[in-house]
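What follows draws every value from the coordinates through simple rules; no lab data is involved. This one's a predicted model, so the numbers in the text were calculated from it and none came from an experiment. FYI the Cβ positions are ideal-geometry reconstructions off the backbone, even for glycines, and counts take in every protein chain you see.
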Amino acid sequence: MKRLLIVFLALTVTSVFAYGVDKHINLGDRATELKNEGKSRDIHPSLSEIRKMHPEFLLHKRDKTVHQGIRTRRDSLKECVDCHSTTKNDEYVPINAPEQFCSTCHQKVGTSLDCFSCHRTTPKEDL
Ligand code: HEC
Ligand code: HEC
Ligand code: HEC
């Protein structure tokens, strides 16, 4: 019984920490608004899926665009940047800058993206 209690406590503590980490993610201006309006599920039907699967989604979409000329908003890198960017003093902060949406988790897992050597890091231009 005592062991069970310890296991239970350990689990609770871990999930509290996991939640704490999530809370620090800087979602970006528009994404924060949409989240507050309760619209998250319209965009990402499952959070755990987008967390895990976004590299595959993006690369799949890239292939569709580059090889088949299919350009839609779904899984578009431009769209991620549009919605997940932050502004500071009326200017967009590059989305891959430290503590911005596309860098916070990546810093933690030691991933760095080469995507933004070509793609815009701020909303509303081509590529
Ligand atoms: C060498 C330059 C270059 C690099 C690096 C690059 N891309 Fe692209 N990407 C392009 C070009 C060019 C297109 C075609 C744009 C078009 O025709 O609309 C494209 C298109 C895309 C598209 C489809 C358009 C959109 O926004 O939906 C996605 C998604 C994409 N790239 C994702 C990525 C990701 C993710 C990475 C990093 C892993 C990456 N790209 C790295 C040049 C690059
Ligand atoms: C129209 C706005 C919008 C677009 C476009 C969008 N997102 Fe999101 N995204 C959101 C919102 C809102 C949330 C917050 C969901 C929540 O916490 O309820 C979110 C959450 C996420 C999360 C989870 C963050 C966390 O808390 O762990 C990831 C990862 C993510 N988005 C990646 C992407 C990627 C990659 C793209 C582009 C393929 C993208 N998003 C496009 C609005 C958007
Ligand atoms: C909730 C945390 C989180 C957020 C937010 C996040 N990522 Fe990721 N991303 C990861 C993790 C973890 C990996 C490594 C996963 C793996 O290797 O399978 C990764 C890997 C990637 C990769 C593959 C890199 C490679 O070299 O294989 C791409 C592309 C990518 N992320 C794009 C983005 C973009 C674009 C954004 C912002 C719109 C973003 N990510 C936001 C967690 C996140």
Exercise for review: With a 10 Å radius around each residue's Cβ, average the other Cβ atoms per peptide and rank 67-74, 51-58, highest first.
Suggested key: 51-58, 67-74
Exercise for review: Measure up K35/K64; K64/K124; K52/K88; K61/K88; K35/K61 against 26 Å on the Cα-Cα distance and list the ones that go over.
Suggested key: K35/K64; K52/K88; K61/K88
